[in-house]
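These notes are about the structure you will find just below.
The values are calculated or read from the model by the stated rules, or taken from the named source; none is laboratory data. It should be emphasised that the depicted structure is a prediction, and the values quoted were computed from it without experimental measurement. Glycine also receives a Cβ, built like all others from the backbone with ideal geometry; neighbour counts cover every protein chain displayed.
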Amino acid sequence: MRGAPESSSHDIWIRPRPEVVAQVLDECGPAAACERWHWLTWEAIQKIGLYGRQIRRARQGVIVRGAMRTTTPEQEEAALEAAARLGSLKAGELEVGLSENVMRRIHRERGAPIPRMARSDVSRRAAETRHGRAA
């Protein structure tokens, strides 16, 4: 019969999935979450749980807008569309005129993945920029 592996000082504690933390906080309470993820601080558990709730709401199509929101839903849709079309968060933020933090928040709240350019596209654009500057 196989037993549980022995614990050592080299144990690795991973960051839990945000959705799971939100579920444990909502269904079992903060004490259970602190016991389950004892290597994290209470503040970290709260932050991960908040992010998990945002992900759950985004999957359900519910978008909660904060009181200090400075963007309109139309601007946010345009930001998502520009970043997806251009394949880069930076290019999208330059096109719509929003900051990187706002762009990341919009993607996180909507449950949309952050677009990333392929390395070949990055290299090609860098070469085009160098050739343009040299001319």
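Quick look at the values:
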| read-out | value |
| --- | --- |
| Breaking point among (1) of a type in the set (Lys, Arg); (2) surrounded by fewer than 12 Cβ atoms within 10 Å (Cβ to Cβ); (3) free of Cβ contacts under 8 Å to residues at least 12 places away in the same chain, for Arg59 | (3) |
| Residues that are surrounded by 13 or more Cβ atoms within 10 Å (Cβ to Cβ) and in a helix (DSSP H, G or I), drawn from region 78-88 | Ala78, Ala79, Leu80, Glu81, Ala82, Ala83, Ala84, Leu86 |
| Selection within region 89-135 - in a helix (DSSP H, G or I) and under 13 Å from the mean Cα position of the chain (by Cα) | Leu89, Glu100, Asn101, Val102, Met103, Arg104, Arg105, Ile106, His107, Arg108, Glu109, Arg110 |
| Residue check for Ala91: surrounded by 12 or more Cβ atoms within 10 Å (Cβ to Cβ), of a type in the set (Gly, Ala, Ser), touching a helix residue (DSSP H, G or I) at 6+ places or on another chain (Cβ under 7 Å) and over 28 Å from Arg15 (Cβ atoms) | no |
| Any hit, region 40-60, residues being part of a loop (DSSP other than H, G, I, E, B) and modelled with pLDDT of 90 or more | yes |
